[in-house]
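The values are calculated or read from the model by the stated rules, or taken from the named source; none is laboratory data. Being a predicted model, the structure only gives us computed values, none of them experimental. Every residue, glycine among them, receives a Cβ derived from its backbone with ideal geometry; neighbour counts consider all protein chains shown. In case anyone asks, the SASA skips ligands and DNA or RNA and just uses the protein heavy atoms, side chains included. Shrake-Rupley method; radii C 1.70, N 1.55, O 1.52, S 1.80 Å.
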Amino acid sequence: MSATEILQRMEAALAARAEAIKPLADIQDERATLLLKLAALDEPYGKAYAEAEAAGWAAEELTALGIAEPVKRPKGRPRSRRPVSAKKSTQEASSPAVVPAQDSTGSNAPVDSGAQSS
């Protein structure tokens with residue numbers, strides 16, 4: 001095969017590849033435009049969602065209605081939620097302290113504040 005034939009085959013292959021990428025390039029332009037429009041809506045959507053919550057709507061209720069939670073929440077004071085462990089720690093604080101006894105049985109006994117050691 002001559003060099004001319006090789007170059008012709010290469011050019012034909014490149015032309016086919018170039019044709020295949022044209023629709024992808026067009027779609028890429030449209031996609032970039034839509035992503036910019038979507039990004040521009042993120043902030044007002046987050047504010048509207050926060051306003052709905054402030055008006056009494058729970059996130060679960062909004063989700064049930066088909067309203068998605070915003071990707072970016074508006075800047076400001078974060079929502080506070082009590083952790084589940086907070087309830088547990090207050091119960092533990094009200095129970096008497098248990099200290100291992102000094103005998104060799106290994107039993108635990110409540111601390112007696114009135115007892116004095118000699």
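Screening 52, 58, 32, 40 for residues that are modelled with pLDDT under 95 and open to solvent by less than 90 Å² (accessible area, probe 1.4 Å) leaves exactly one candidate, 40.
For the range 79-88, the criterion of being modelled with pLDDT under 65, open to solvent by 90 Å² or more (accessible area, probe 1.4 Å) and under 20 Å from the mean Cα position of the chain (by Cα) is met by at least one residue. If you filter the range 1-10 down to residues that are outside any loop (DSSP other than H, G, I, E, B) and either of a type in the set (Val, Ile, Thr) or loosely packed, with under 10 Cβ neighbours inside 10 Å (or both), you find that the one that is nearest to the chain's Cα centre (by Cα) is 6.
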